[in-house]
């Protein structure tokens with residue numbers, strides 16, 4: 001193998017601790033695999049913790065292709081080309097995520113869940129027997145998936161003996177999605193619990209926040225003044241954050257659920273915007289919240305203090321167990 005081939009091989013693979021990851025670039029329809037997305041802003045991201053792999057899907061999920069981007073622990077972005085086919089049609093990608101074995105999970109709006117290995121090979125796929133479009137979905141750190149339909153029905157997808165399986169629960173009158181909330185804004189989160197039954201956190205119609213325990217029995221409800229979006233679970237699984245339409249950022253203890261902290265961005269920052277909600281909201285470790293408003297990053301501390309930085313408009317936030325990753 002000559003020097004050029006060696007260089008290409010080095011670029012195509014990157015080592016993180018004792019694991020090798022491949023970086024693939026997202027390309028659109030007939031243009032791929034050559035065209036590269038220059039911005040992250042319109043992409044759906046699936047970010048593995050601990051400096052692990054990053055998956056992205058462009059066009060707010062309308063693309064039929066998928067690629068993987070890999071960053072090294074030092075933040076260097078390696079390059080390679082390739083693509084993963086999700087099939088034909090216009091079924092949007094709702095969310096991406098990684099399980100504990102670095103398999104990539106892709107959830108589409110038609111209820112199809114596909115599992116890829118790090119090289120882009122399909123390991124398994126399952127399609128829900130759903131009579132409704134999927135509104136939103138969440139993937140836990142161990143790779144359990146929760147999906148909610150537009151009529152409020154819930155499903156969970158989990159792996160048992162290496163095969164994807166699904167379980168359904170129907171309480172549509174309680175779990176209806178909120179109105180006037182963009183699906184790109186997270187309105188659902190989930191935490192790993194035993195026996196393939198995750199704990200689920202939902203923003204629902206009627207401006208309520210619902211915690212659904214394993215078995216989906218006796219949901220716990222927190223009434224709010226309006227619907228909450230940008231829901232995010234802290235790395236330790238104890239707290240959640242979310243944003244109201246008036247710009248208030250809430251921290252909610254799931255044990256209640258009850259509100260334990262409230263923040264609002266500086267008034268001079270909100271005055272320059274046509275809406276009060278942040279563009280992004282993410283945990284910075286377990287005790288601080290980070291929010292992006294245009295090109296301003298605000299980090300709120302546990303005592304109500306805050307600090308601001310200027311960032312690129314394409315910057316994306318990714319929570320780590322001990323801090324925050326900025327992707328740009």
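Per-structure values
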read-out: Search result, residues across segment 310-322 that are outside any loop (DSSP other than H, G, I, E, B) and either modelled with pLDDT under 85 or under 19 Å from the mean Cα position of the chain (by Cα) (or both); value: 316, 317, 318, 319, 320
read-out: Criterion (part of a strand (DSSP E or B), in contact (Cβ under 8 Å) with a residue 40 or more places away in the chain and closer than 21 Å to residue 321 by Cα) met by exactly one of 282, 307; value: 282
read-out: Residues located in segment 150-174, provided they are in a strand (DSSP E or B), within 20 Å of residue 92 (Cα to Cα) and touching a helix residue (DSSP H, G or I) at 6+ places or on another chain (Cβ under 8 Å); value: 154
read-out: Scan of segment 86-101 for residues that are modelled with pLDDT of 55 or more, buried (at least 18 other Cβ atoms within 10 Å of the Cβ) and out of contact with any helix residue (DSSP H, G or I) (no Cβ under 7 Å at 6 or more places or on another chain), ordered by number; value: 91, 95, 96, 97, 98, 99
read-out: Residue 241 in contact with a strand residue (DSSP E or B) (Cβ under 8 Å, 6 or more places away or on another chain), crowded, with 21+ Cβ neighbours inside 10 Å and closer than 24 Å to residue 48 by Cα; value: yes
read-out: Selected residue (criterion: surrounded by the fewest Cβ atoms within 10 Å (Cβ to Cβ)) from residues of segment 116-141 that are farther than 14 Å from residue 154 by Cβ and under 16 Å from the mean Cα position of the chain (by Cα); value: 141
read-out: Residue in segment 246-266 that is modelled with the highest pLDDT, counting only those that are surrounded by 16 or more Cβ atoms within 10 Å (Cβ to Cβ) and part of a loop (DSSP other than H, G, I, E, B); value: 257
read-out: Test set (1) surrounded by fewer than 16 Cβ atoms within 10 Å (Cβ to Cβ); (2) assigned to a loop (DSSP other than H, G, I, E, B) - residue 227 fails condition number; value: (1)
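The values are calculated or read from the model by the stated rules, or taken from the named source; none is laboratory data. As the structure is a prediction and not an experimental result, all values here were calculated from the model. A quick note on method: Cβ atoms are made from the backbone with ideal geometry, for glycine too, and the neighbour counts reach across all protein chains shown.
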